[in-house]
Amino acid sequence: KDLDYSLDKIETLNFHEEKEVNGIRFWSYNAGHVLGAAMFMIEIAGVKLLYTGDFSRQEDRHLMAAEVPNVRPDNLIIESTYGTHVHEKREVREARFTQTVHDTISRGGRCLIPVFALGRAQELMLILDEYWEAHPELHDVPIYYASSLAKKCMAVFQTYVNAMNDKIRRQISVNNPFVFKHISNLKNIDQFQDIGPSVVMASPGMLQSGLSRELFETWCPDHRNSVIIAGYCVEGTLAKMIMSEPEEITSITGQRLPLKCSVTYISFSAHTDYEQTSEFIRLLKPGHIILVHGEHSEMQRLRTALKREYEDNMDVFAPANNEEIILNFRGEKMAKVVGRLASKKPKAGDVVSGVLVKRGFNYHIVSPEELQHYTDLSQGVVLQKQTVPFTAPFSLLHHCLLQLAGGVEQVEQSGKNCLKVFDSILVVQEKNKVVIQWEGSNMNDMYADAVLTLCLQIEANPQAIKQSSLRSITQGKDKSTFEDRVQKLLVEMFGEDSVSYQPKLKYITVTIDNEKAVVNLKSYEVQCQNENLHQMITSAIKRQHIALTPVNVPTIAIT
């Protein structure tokens, strides 16, 4: 059931097609081991890792050699199956293989070739079918492949010829090379008539059990017969043991059988040897190499050889099963600017302001207004309220706000009197209190603080505020009074720590959040790069100037 459930989770992926899951990117390359074998490049948080799996850098009869990625990996996890061994040339091993088979047939023997169902079986069949076609004297000698799985695999090979090397793709225009003329399928042992010379390819490839083991035990006592071991063999298997040519073997039922047939090892294994592995590493230049898929002794020999060849240019690890490896990488992170912010190429020293969004292991800087276009987020507004006790006349607050902000808009909200100042702060009149409302932002918070301070001052001493207002109308525009009032006003607006008064130089400096504004008390000019802060201070000085200028309109009622 678990296997059936897992089938629903399988997704097909083309070579070089990129896929991203939870911020992890990966794509594949042709590995050359068997039809469809792939190496995977995985990128996590900017660190690239290439996992080769089983791969071969040598083109054979039907498969392409493994690709060399055009991206340099930080880590390379690579197989070490053959360690420091070097394979013989393909032409040499094919000649040895066909000659061994021919010699066996010539002396009236049977030739057993234990194979795996996928990969090497098809390679050997291509070689034998071509050799039989070129030698008419062998046409009466049958060749069988005895594996139900190999038969199923043949349908795949006959279908996906386009995934093979150029030689096969050219040949398919004439005929399908996997429709063999001299080779037939042996469905089961009962159909096999063992009455003369023959060649049988049977699985499994290491003679552990099955048809290949059964035929081996039947044929091994006859010196005319032969066994060709054509692939990799694990220690402890019968195929590995007979390569040392013992005098007898133990059958699967426990009987002792004499080993008189010839045993020949000709490696057609599609795993890299030392030369292929070393060349592959030289082309990729990874920072770290981790050896896997190999016996302990072979892995250690390969590790020693690689460290000797590349000296201190890269780290080489040969971990045991379940052994943890900790690797350190540089901690730099890169954020991509997208959307409106990316419309103009920034110059050195420019400040990019936006929202930093992390998705998986990727970072982007986005304008707040475009969040919903590039993320699942949206921009929100924080509405702030401050309730202040206020028993003084609301008209007095109106008058004082007019001096502070210049423009005051009278509005009505739910039947309540409201004053709107700085185009963003709403002051609502309620019984024995006022409610100050605004949308949260750095500038609006500063405006709200000024309004709140004014409300608290009026509530603390409303009579003094009245008299001050009356004097401001009748005193005229005294120079020293004006400078003093401007300083006090700015202190009320921004706080004493943010305002610096230099009476000798006739300057007032306001510093808010690293933004600096300088007020020239001679010309009343304001110098500031921040437009909002510039406008706010300029407006306040103008209102103060108006407030201290004698007015001829005695219509302001202060009650």
Practice task
Looking only at the stretch 55-69, decide whether some residue is polar (S, T, N, Q), part of a strand (DSSP E or B) and at pLDDT 90 or above.
Solution key: no
Problem - Boolean, LEU401 is exposed (fewer than 13 other Cβ atoms within 10 Å of the Cβ), at pLDDT 85 or above and closer than 28 Å to ILE537 by Cβ - result: no
Problem - Condition check for LEU291: among the aliphatic types (A, V, I, L, M), in contact (Cβ under 8 Å) with a residue 60 or more places away in the chain and not in a helix (DSSP H, G or I) - result: yes
Completion exercise
In the set SER343, SER378, SER353, SER367, the lone residue that is open to solvent by less than 50 Å² (accessible area, probe 1.4 Å) and more than 30 Å from GLY287 (Cα to Cα) is SER367
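Rundown of residues vs (1) within 17 Å of SER198 (Cα to Cα); (2) of a type in the set (Phe, Trp, Tyr); (3) modelled with pLDDT under 90; (4) open to solvent by 10 Å² or more (accessible area, probe 1.4 Å), yes/no style:
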| residue | (1), (2), (3), (4) |
| --- | --- |
| GLU217 | yes, no, no, yes |
| VAL227 | yes, no, no, no |
| ALA230 | no, no, no, no |
| MET243 | no, no, no, yes |
| GLU248 | no, no, no, yes |
| ILE252 | no, no, no, yes |
| TYR265 | no, yes, no, yes |
| PHE268 | no, yes, yes, no |
| TYR274 | no, yes, no, yes |
Exercise for the section: Collect the residues in the stretch 276-288 that are touching a residue at least 60 places away in the same chain (Cβ under 8 Å) and either part of a helix (DSSP H, G or I) or open to solvent by 10 Å² or more (accessible area, probe 1.4 Å) (or both), keeping them in residue-number order. Expected result: GLN276, THR277, GLU279, PHE280, ILE281, LEU283, LEU284, LYS285, GLY287, HIS288
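Here's the yes/no breakdown for (1) modelled with pLDDT under 90; (2) of a type outside the set (A, V, I, L, M); (3) assigned to a loop (DSSP other than H, G, I, E, B):
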position	(1), (2), (3)
ASN322	no, yes, yes
LYS347	yes, yes, yes
LEU371	yes, no, no
SER378	yes, yes, yes
Practice task
Name the residue, out of TYR160, TYR145, TYR131, that is open to solvent by 70 Å² or more (accessible area, probe 1.4 Å), in contact with a Leu (Cβ under 9 Å, 6 or more places away or on another chain) and touching a residue at least 12 places away in the same chain (Cβ under 8 Å).
Solution key: TYR160
Handout entry: Tabulated pairs, the stretch 202-224, first closer than 15 Å to SER262 by Cβ, second open to solvent by 40 Å² or more (accessible area, probe 1.4 Å) and not in a loop (DSSP other than H, G, I, E, B), C-beta under 7 angstrom, 6+ apart or interchain
Key = PRO221/PRO258
Handout entry: Entirely in the stretch 429-524, the strands (runs of 3 or more DSSP E) that have 1 or more residues that are under 27 Å from VAL382 (Cα atoms), modelled with pLDDT of 85 or more and touching a Ser or Thr at 6+ places or on another chain (Cβ under 8 Å)
Key = 433-439, 507-512, 515-520
Practice task
Report yes if some residue within the stretch 250-261 is without any contact (Cβ under 8 Å) to a residue 60 or more places away in the chain, closer than 25 Å to GLN58 by Cβ and either in a helix (DSSP H, G or I) or hydrophobic (A, V, I, L, M, F, W, C) (or both); otherwise report no.
Solution key: no
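The values are calculated or read from the model by the stated rules, or taken from the named source; none is laboratory data. Because the structure is a prediction, the values reported are computed rather than measured. Here the Cβ is made from the backbone with ideal geometry for all residues, glycine too, and neighbour counts use every protein chain on show. Just the protein is used for accessible areas: all its heavy atoms, side chains included, with ligands, DNA and RNA removed. Shrake-Rupley method; radii C 1.70, N 1.55, O 1.52, S 1.80 Å.
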